[in-house]
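Data block below; observations after.
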Amino acid sequence: MSSKSRDQKSAGAGLVDRRSALAGIAAGTAAAVAPFNIVKAQAKVLKIGVILPRSGVQAFFGQSCAKGAEIAEEVLRQVGYDQKFEILNADFESNVDVARSRAERLINDGAHVLVGPFDSGAAMAIAQVTEQKRVPFVCNIAAVPQLTEQGYKFVFRIFPTSVDLVRNGLLGFKDVFAATGKTPQTAVFMHINDTFGQANKAAIDKLFPAANMPFKILDTIAYDPAARDLSVEVAKAKATNADLLMVVSRLNDAILLVREMVKQRWEPMGIMSPGSPGMYEAQFFQTLGKYSDYAVSVVPWYNPTTKLSALVGSAFNKKFPKDSLVGNIFNVGFTFESIMVAVDAFKRAGTTDPVALADAIRQTDLANRLMIGGPIKFDAKGQNMNVGSAVLQNFNQRPSVVFPKEAAEAAPVFPVPGWSQRA
Amino acid sequence: MSRMLRRLGEGVSNRALVALGLVFAALLLAPLVSNGYVLSVLIIALYYAYAGQAWNVMMGFCGQLSLGHSLYVGVAAYAAAIFFVKWNVPPVIGMFAAIAVAMAFGAVIGFLAFRFSVSGVYFALLTIAFAEFTRIGFDHFTWAGGSGGFFLKVEDRAADLITLRGPPIMFYYVMLALTALAFLFCRMLTQSRVGYYWFAIREDQEAAQALGINVFRYKMLAVIVSSGMTSLAGVFFAFYYNNLFPEQIFSMARSIELILGPIIGGLGTLFGPILGAFVLTVLADLVTEVLVFTGYDIPGVKQVFYGLCLAVVVIWLPLGIWPPLKRRLGLEGRS
């Protein structure tokens, strides 16, 4: 692989003289307007366009995902992929309009397959371009169900839909109750009212009645993603006297929520999320300290006990010594696996022809995985059929796997200690 | 008709007309030498040029600062998309409903503001407030998908202007036509009595009122015309992107994006919004390309470029890029 890593770029960095700058402008313009600069299908190097929100409001997540792409070469070589591939990076600036043009740009630059983009809206925009250009698109993270419901032939998603997320989430709740022998009778459901939260709420509405859950939901409270204060919502939730707080959150609101619960001294049996981010992220631990402990999230996660995860961990620590894999694993894991799907398809297809690659991706059967779940296999709509979730519980300000048993690092604790009882 | 054409060309130098013709011809032929990427960038540039032109009617001509124009884009996008998806009404008809809805919103905002003498910063805040609570409303409007988004079925078919389904090149020409028509319409407005009243209100509202101009009526007209024009950008947005999310389409950031073009190009000018949109969109992309080519892959460089453009314009070119450029090119009108 000849990945244009950040290090390589900075090595060549220096002052650019006027002549170089003019040459650069000329070349940039020429490259930008070169009509249909599509690399021939017989190319021996697979070009993977990785499109992520590396700037803008989602920059943190985009840059976290990018780390998964940066370690891919080293790890994949160690597990037997000696195919050459090149990563072409694109930043869609957390802007759906830009996502579409960046996808066009990557394809013009010769990308044989696109990977990304950590955003449902952007994924929908990119899918239109890849379908039109007949270039495979492996979606790393985006839960919007419609992505694989449009009849696209070149779109594949390794991430679960919101329905799968919630289904796994509710099953994970039951595992915790069974293991601890304690079951809540009632719950209050709080969710962020954005695309992700709404999709999860719809999935809960759909699945909950048939899931035979041991508790009933007393109230559902939605809050605005831009909310800076959740005191009213938390007071309302507390007033229900529910045993359990079930939450679909993102990072900032998860922090606000717990802060407010501590302030209002609301101590339900536990806080559990059936498949949302926030409560297992580094910022959550840094901001809340001991109050971040014992929160439960049932989310797609890596299996820390496999050989592949050890390789990923080692490559990650080498490349990003100041960063923590656990704090990035969700984004790193799905991005890494998306690239693995592309490279695996290239290996089997033996060509970079996008149509042949799409056919090969459709036949994917990847058992050697980083993330928890069965082998990666796509259904007729392009959706990965085997996405598992882990039950994470926070202990000592880090998330630990408590289920499934084969990946468990600790035993679950439920009900959780009160705020004042935490060390 | 000939009188109208004569009025459109009044005061415009031959040199300016030739230059305008050349620019239009270049845009007309651009797809012939563009790849998919360049075409998509040009579509975005034209989209911002058009929307900026629509906003310019309100702020540039009449002096009413709106920071919530994403409201009109959003409600029109939803209206046209809902008509199409739920009742199979093609956008060529649905756009009239979209225009009507956007104008109704504009009229309500205008009435509340101008009837109760809300002006300046407070008027701007009112426009933001409307955009914000409409976003929250759509977040809870589950019939239209709520915050989970509203989706149009994507179909791979030949260009169909009735249903606005087709390849990007069709959207390019639709946007080019809209931008050209908006340019001519705005030229017509600035040459009309309404336009002169607007300029008078912009320069000194009290003086305009003292001269007998019905300030309330003409300010309302500016808001309604501007919101109606902006609504077509919303219809385009819905059918080009095929998915609508309240948090994206009604966002404050989108409102700011819409107004950067006219501010940088030249507020109150006809060509400023177009020039500003192209400077921001095309040049910003070119800057990114050049940096990548020279080995600097810096995420967010485009936003830095936007900031620099804004700083340069605010400090050294307070009238925008177009007025001094026009002088330099000798394109100023005949007096």
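Before moving on, here are some points about what is shown:
- Unit charges at the beta carbon, dipole of region B:2-328: most positive-side option, B:TYR173, B:THR163, B:ALA207: B:ALA207
- Net charge, B:PRO273 excluded, C-beta distance under 15 Å - Lys, Arg +1, Asp, Glu -1: +1
- Sorted peptide list for A:391-402, B:305-316, criterion being average Cβ within 10 angstrom, highest first: A:391-402, B:305-316
- Relative contact order, percent, chain B [alpha-carbon distance under 8 Å, six or more residues apart]: 31
- Summed residue charge, Cβ within 10 Å of B:CYS62's Cβ, Lys/Arg positive, Asp/Glu negative: +2
- Relative counts (whole %) of C-alpha pair distances in region B:2-328, using bins that are 10 Å wide: 6, 25, 34, 26, 9, 1, 0
- Relative contact order, percent, chain A [alpha-carbon distance under 8 Å, six or more residues apart]: 18
- Extension gain, A:LYS290 back to A:LYS84 (0.36 nm per residue minus Cα-Cα distance, nm): 69.5 nm
- Total charge dipole magnitude, region A:218-325, about the Cα centre, Cβ charges on Lys, Arg, Asp, Glu only, Debye to nearest 20: 480
- Legend: mean number of C-beta atoms from other chains within 10 angstrom of residue C-beta atoms, peptide A:148-155, equals 2.
- Dipole magnitude (debye, nearest 20) for region B:2-328, charges at Cβ of Lys, Arg, Asp, Glu: 960
- For the segment B:296-304, counting C-beta atoms of other chains within 10 Å of every residue's C-beta and taking the mean gives 6.
- Amide H contacts under 5 Å for A:SER400, placed H, 5+ residues apart: A:GLN393, A:ASN394, A:PHE395
- Selection among B:GLY320, A:ASN168, A:ASN200 by position relative to the dipole of the protein assembly as shown gives B:GLY320 as farthest towards the positive end (Cβ unit charges, Cα centre).
- Using the Cβ of A:PHE215 as centre and a radius below 13 Å, the other residues enclosed give a net charge of +1, where K and R count +1 and D and E count -1.
- Using the rule -39500 (n - 2.57) for each DSSP H run of four or more residues, divided by the residues of the protein assembly as shown, the 222 nm mean residue ellipticity is -17000 deg cm²/dmol.
- Considering only B:PHE183, B:LEU65, B:VAL279, and ranking their Cα positions along the charge dipole of region B:2-328 that arises from unit charges at the beta-carbon of Lys, Arg, Asp and Glu, the one farthest toward the positive end is B:PHE183.
- Ranked packing of B:8-20, B:228-240, A:375-387, most packed first, by mean Cβ within 10 Å: B:228-240, A:375-387, B:8-20
- Fluctuation leader among A:THR335, A:THR306, A:THR130 - chain A, Gaussian network, Cα springs under 10 angstrom: A:THR306
- Filtered chymotrypsin sites (Phe, Trp or Tyr not before Pro), region B:98-132: DSSP coil and at most 15 other beta carbons within 10 Å: B:PHE116
- Averaged over the residues of B:149-155, the number of partner chain Cβ atoms lying within 10 Å of the residue Cβ comes to 5.
- Summary of the geometry: region B:59-121 and region A:248-267, compared by the centres of their Cα atoms, lie 37 Å apart.
- Unit charges on C-beta of K, R, D, E only; dipole of chain A, Debye: 540
- Protection-proxy order for peptides A:46-57, A:356-367, each taking the mean of Cβ atoms within 10 Å per residue, highest first: A:46-57, A:356-367
- Neighbour-count ranking [beta-carbon atoms within 10 angstrom, fewest first] of A:ARG250, A:ARG228, B:ARG7: A:ARG228, B:ARG7, A:ARG250
- For the residue pairs B:LYS86/B:LYS219; A:LYS201/A:LYS236; A:LYS182/A:LYS377; A:LYS84/A:LYS319; A:LYS182/A:LYS206; A:LYS153/B:LYS86, the alpha carbons lie more than 28 Å apart in B:LYS86/B:LYS219; A:LYS182/A:LYS377.
- Relative contact order for region A:96-255: 19 percent, from Cα pairs under 8 Å spaced at least 6 residues apart, divided by residue count.
- Under 19 Å from the B:LEU329 label point (7 Å along Cα→beta-carbon), backbone N, region B:257-280: B:261-280
Read the figures in this text as sums done on the coordinates, not as results from a lab. What you are looking at is a predicted structure, and each value in this text was computed from that prediction instead of being measured. Every residue, glycine as well, gets a Cβ built from its backbone with ideal geometry; the counts of neighbours run over all protein chains shown.
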